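The values are calculated or read from the model by the stated rules, or taken from the named source; none is laboratory data. Every value quoted in this text rests on a predicted model; they were computed, and no experiment measured them. Here the Cβ is made from the backbone with ideal geometry for all residues, glycine too, and neighbour counts use every protein chain on show. Each accessible area value is taken on the protein alone, full model and side chains, heavy atoms only, with ligands, DNA and RNA left out. Shrake-Rupley method; radii C 1.70, N 1.55, O 1.52, S 1.80 Å.
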Amino acid sequence: MVHLLVLISLGRFGNYDFAAPVNPLRAVMLDLTKPHDAAAPVAGSNNQKTSQTENVAEDVPDDRNLAQVQGEEVSTPPAALEKVPVEPKTVEPAVIGKEKTDSDTRTSEPALAPQPAVSRHIALADEIPPPLRTADEFMSSKSEKLSYLISLLGVPVGSMELEAKVENGEVRITLRSKTNSALSGIYPVDDIIETRHIGGNFIINKIRRKEGTFKSDTGFTIFLRDKRVFWIDRIRNRISNETIPNSEVLDTLSSFYYLRNRPLQTGKTEILHIYDGDTYAPVPVEILRQEEVRLRNFKTVDCLLLRHIKQKGGIFRRTGDMMIWLTNDGDKVPVKMETTTPLGKVTVELISAETQHSDRPGTQK
């Protein structure tokens with residue numbers, strides 16, 4: 001009870017900590033600018049070291065006292081020393097000041113002779129090779145759409161549509177052919193061939209065929225500069241890489257438009273280098289003579305008669321000689337084509353044509 005009463009009475013007067021006191025650490029400052037003074041009091045006591053350090057700290061309150069302690073003569077007047085602390089208050093960033101300094105230095109330096117900017121463009125032009133083919137080699141107009149009637153032994157069996165256009169220097173040619181409604185129930189045909197010229201160095205060709213129960217979806221890309229062809233069969237999952245002899249190889253549609261833009265002369269032969277997806281073959285085309293052809297609207301036009309020679313293992317091995325009539329003018333529109341097949345003679349006749357030239361909105365023939 002006595003101990004309890006003592007503890008309660010002590011609690012009323014406050015809390016007491018009877019642990020041993022811990023002396024706080026004292027800050028020690030050394031003057032590294034005077035190494036000769038620091039080595040002197042080695043044999044002295046700790047109290048002498050502390051007092052000496054405190055005296056040094058009191059003697060160096062700012063830059064001016066530091067200069068006086070070292071015994072150096074201050075060559076800068078007091079007014080200039082008072083302005084020294086004001087320099088950190090400048091608000092201009094250091095980067096801006098550097099830019100200004102660089103600009104001043106450049107203006108003070110003598111002007112150098114400017115390097116011709118054309119040299120850079122010439123260097124870039126040398127790195128990018130020019131296109132091997134241009135749109136002017138295939139198209140004399142901006143766009144055209146030709147519609148044909150297909151007849152077998154004089155009986156209409158289907159239709160064909162040939163469309164070509166130039167967009168941003170890129171040539172696009174599309175050929176669609178299908179049977180009419182009377183024959184579709186017996187033997188339906190729906191074929192489409194698409195050709196694109198990319199950058200004048202690549203030709204992309206897609207061939208989708210549907211003839212009766214037969215279906216195929218093939219395509220190939222001609223790398224003119226590399227002289228090779230990449231072929232793919234999307235249904236049977238087959239691919240192949242083939243080489244071609246030169247950079248003049250074209251697909252069937254492109255070669256037809258290329259022939260139309262050639263300066264054709266009677267009695268001469270044009271050689272076309274064609275890859276049709278099966279094989280490559282040089283196809284000779286003879287310009288036989290001039291003839292007049294009567295169209296289905298009973299209009300007569302002057303034409304050039306062309307004939308390609310049948311190749312044993314070439315592109316037209318499934319048909320006989322093909323006769324082509326082109327108008328004898330700047331457009332060289334194919335108005336009639338004839339060939340022979342195992343079923344008989346096939347005739348393709350022009351029924352409508354729409355041509356849009358670059359210098360006029362459009363014309364119809």
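Annotations
- Hey, Gly212 within 28 Å of Lys336 (Cα to Cα), touching a Phe, Trp or Tyr at 6+ places or on another chain (Cβ under 9 Å) and at pLDDT below 95 or not: yes
- The set of residues from the range 120-173 being assigned to a helix (DSSP H, G or I), modelled with pLDDT under 85 and among the aliphatic types (A, V, I, L, M) comprises Ile122, Ala123, Leu124, Ala125.
- Residue match in the range 333-340 (condition: more than 44 Å from the chain's Cα centre (by Cα), modelled with pLDDT of 80 or more, surrounded by 11 or more Cβ atoms within 10 Å (Cβ to Cβ) and under 24 Å from Tyr275 (Cα atoms)): yes
- Annotation note: of Ile203, Ile186, the sole residue that is in contact with a Leu (Cβ under 8 Å, 6 or more places away or on another chain) and over 17 Å from Val333 (Cβ atoms) is Ile203.
- Scanning the range 244-258 for residues being surrounded by 20 or more Cβ atoms within 10 Å (Cβ to Cβ) and assigned to a loop (DSSP other than H, G, I, E, B) gives a total of 2.
- Failed condition for Asn328, given (1) open to solvent by less than 30 Å² (accessible area, probe 1.4 Å); (2) at pLDDT 90 or above; (3) over 17 Å from Val346 (Cβ atoms): (1)
- In the set Asn237, Asn241, only one residue is open to solvent by 50 Å² or more (accessible area, probe 1.4 Å), at positive phi and without any contact (Cβ under 8 Å) to a residue 40 or more places away in the chain; that residue is Asn237.
- Flag for Pro156 being touching a residue at least 60 places away in the same chain (Cβ under 8 Å) and either in contact with a Pro (Cβ under 6 Å, 6 or more places away or on another chain) or open to solvent by 50 Å² or more (accessible area, probe 1.4 Å) (or both): no
- Residue within the range 167-188 that is crowded, with 16+ Cβ neighbours inside 10 Å, closer than 17 Å to Phe256 by Cβ, touching a Phe, Trp or Tyr at 6+ places or on another chain (Cβ under 6 Å) and not basic (Lys, Arg) present: yes
- When residues of the range 194-215 are limited to those that are in a strand (DSSP E or B), farther than 13 Å from Leu250 by Cβ and among the β-branched types (Val, Ile, Thr), the one least open to solvent (accessible area, probe 1.4 Å): Ile207
- Residue among Ile222, Ile274 that is among the aliphatic types (A, V, I, L, M), at pLDDT 95 or above and open to solvent by less than 30 Å² (accessible area, probe 1.4 Å): Ile222
- Taking each residue of the range 174-185 that is on the phi > 0 side of the Ramachandran plot and outside any helix (DSSP H, G or I) and looking for partners that are open to solvent by less than 80 Å² (accessible area, probe 1.4 Å) and polar (S, T, N, Q) with beta-carbon atoms closer than 8 Å, six or more apart or interchain, yields nothing.
- Identity of the residue in the range 203-234, free of Cβ contacts under 8 Å to residues at least 24 places away in the same chain and among the aromatic types (Phe, Trp, Tyr), that ends up nearest to Asp190 (Cα to Cα): Phe214
- Considering residues of the range 302-325 that are surrounded by fewer than 19 Cβ atoms within 10 Å (Cβ to Cβ) and modelled with pLDDT of 90 or more only, the residue nearest to Met160 (Cα to Cα): Met323
- Odd one out for Leu132 among (1) in contact (Cβ under 8 Å) with a residue 60 or more places away in the chain; (2) surrounded by fewer than 16 Cβ atoms within 10 Å (Cβ to Cβ); (3) under 21 Å from Glu354 (Cβ atoms): (3)
- Positions within the range 271-296 being in contact (Cβ under 8 Å) with a residue 24 or more places away in the chain and under 13 Å from Lys336 (Cβ atoms), in sequence order: Glu291, Val293, Leu295, Arg296
- Conditions (1) at pLDDT 90 or above; (2) open to solvent by 50 Å² or more (accessible area, probe 1.4 Å): number failed by Pro284: (2)
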